[in-house]
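What follows is one structure encoded as structure tokens, with my remarks underneath.
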Amino acid sequence: MQKSFSTEKPIQSGVIFQKNESSGLTEVQYEIRILDPSYLPRIMELQQLIIENLLNKDTLQPFPADFMKEHLGRKGFVLGVLSGNDLLAFRNVYFPDINDTEWNLGIDLEFPSRILNKVANLQMVCVHPSCRGNSIATTMNRHAIRIIKELGIRDHVCATVSPYNFWNIKILLACGFIIKKLTKKYGGKLRYVVHQDLNCPMSFESGSSQPVVLTNFIKQHEMLSNGWYGTNLNVSREDAGRPFYENMLLTFSRQTEPLNAG
Ligand SMILES: CC(C)(COP(=O)(O)OP(=O)(O)OC[C@H]1O[C@@H](n2cnc3c(N)ncnc32)[C@H](O)[C@@H]1OP(=O)(O)O)[C@@H](O)C(=O)NCCC(=O)NCCS
């Protein structure tokens, strides 16, 4: 029987640093919870603020309220970081239908049709600009993956990420995802499709990795089509402040042969 999740109890609490108006840092208490549908207006408000502040509007695919609402229990769940009544961050998880060509990323990755009902998506993550730098997205991703595992209904987790969203690429790779495809999604936007198999993490050959400049999409597409996977992104601190995408290197690796390969 499918397990359910509780929106009643916090799943983590603690203290984070928030930038204040005088550019100093203030300690604030927070809780991470699974949000119930009453949070929809606050989620939409935070999404709007994030969109207004994006350096590159192409990096985030906005959700209308009716689609966001589907994540709040019926077809997924949303983790929220709350400080009192303020929503500081959210991460949503979606359980797409097997024939949903937009959101079932197993279709993009050419999974056999029998496992398309086992795919979950990490859909959208937003952290209020005043709270960035607390690794909140990483923390929420790890809880999201743990909860998906505990629910026991999905074995594969996928997500899309823009090649220009190097913060989020780094976070997804650190959370166990592998870049498997470079494609156009959402009406022509360039996206990596990332994946992790919850039961069978991939391992990679040591000593055979190849770095490719983040903006060399032709080379990356060629590598991904020839059995290489994107596994690491190197961004120097200097580049993170003023994005010089051409200085960033995406590392490609080859999967280790399974032990029982004949
Ligand atoms: C991606 C995102 C959720 C990461 O937030 P986060 O969890 O706070 O990130 P981290 O704590 O891992 O940040 C690591 C470093 O990168 C910086 N950073 C993270 N996101 C940043 C951003 N969008 N702009 C500038 N710097 C950013 C942090 O300040 C921190 O710097 P520091 O090491 O000097 O302290 C956040 O950037 C965000 O909300 N972006 C807009 C929405 C988005 O693009 N979502 C993904 C697509 S759905």
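All of the numbers you see were taken from the coordinates with simple rules; none came from a lab. Because the structure is a prediction, the values reported are computed rather than measured. For neighbour counting, all protein chains shown are included, and Cβ atoms are generated from backbone atoms with ideal geometry for every residue, glycine included.
When each of 142, 242 is scored by the number of other beta-carbon atoms lying within 10 Å, the sequence from fewest to most is 242, 142. Between residue 199 and residue 164, the modelled label-to-label distance comes to 4.0 nm, taking each label 7 Å out from Cα in the direction of the beta carbon. Counting lysine pairs in the stretch 12-201 whose alpha carbons fall under 15 angstrom apart, excluding pairs fewer than 8 residues apart on the same chain, gives 6. Modelled label positions at residue 184 and residue 45, each set 7 Å beyond Cα in the direction of Cβ, lie 3.8 nm from each other.
For every other residue with a beta carbon closer than 15 angstrom to the beta carbon of residue 171, add +1 if it is Lys or Arg and -1 if Asp or Glu, then tell me the sum. With Lys, Arg at +1 and Asp, Glu at -1, the net is +4. Normalised size of the chain, defined as Cα radius of gyration per 2.2 N^0.38 Å with N residues, equals 1.02.
May I ask for the net charge around residue 75, where only other residues with Cβ less than 11 Å from the Cβ of residue 75 are counted and Lys, Arg are +1 while Asp, Glu are -1? Please report the intermediate quantities before stating the final value.
Working: positive: 69, 74; negative: 70, 97, 100.
My count for the surroundings of residue 75 gives -1.
Note that the stretch 197-206 has calculated 3J(HN,Hα) couplings of 8, 5, 9, 8, x, 7, 10, 10, 5, 8 Hz, one per residue in order, obtained from phi through the Karplus relation 6.51 cos²θ - 1.76 cosθ + 1.60 (θ = phi - 60°); glycine and proline are x. Dividing the summed -39500 (n - 2.57) terms of all DSSP H runs of n ≥ 4 by the residue count of the chain sets its mean residue ellipticity at 222 nm at -7000 deg cm²/dmol. For the chain, what is the relative contact order in percent, using Cα pairs closer than 8 Å and at least 6 residues apart in sequence? The value is 14 percent.
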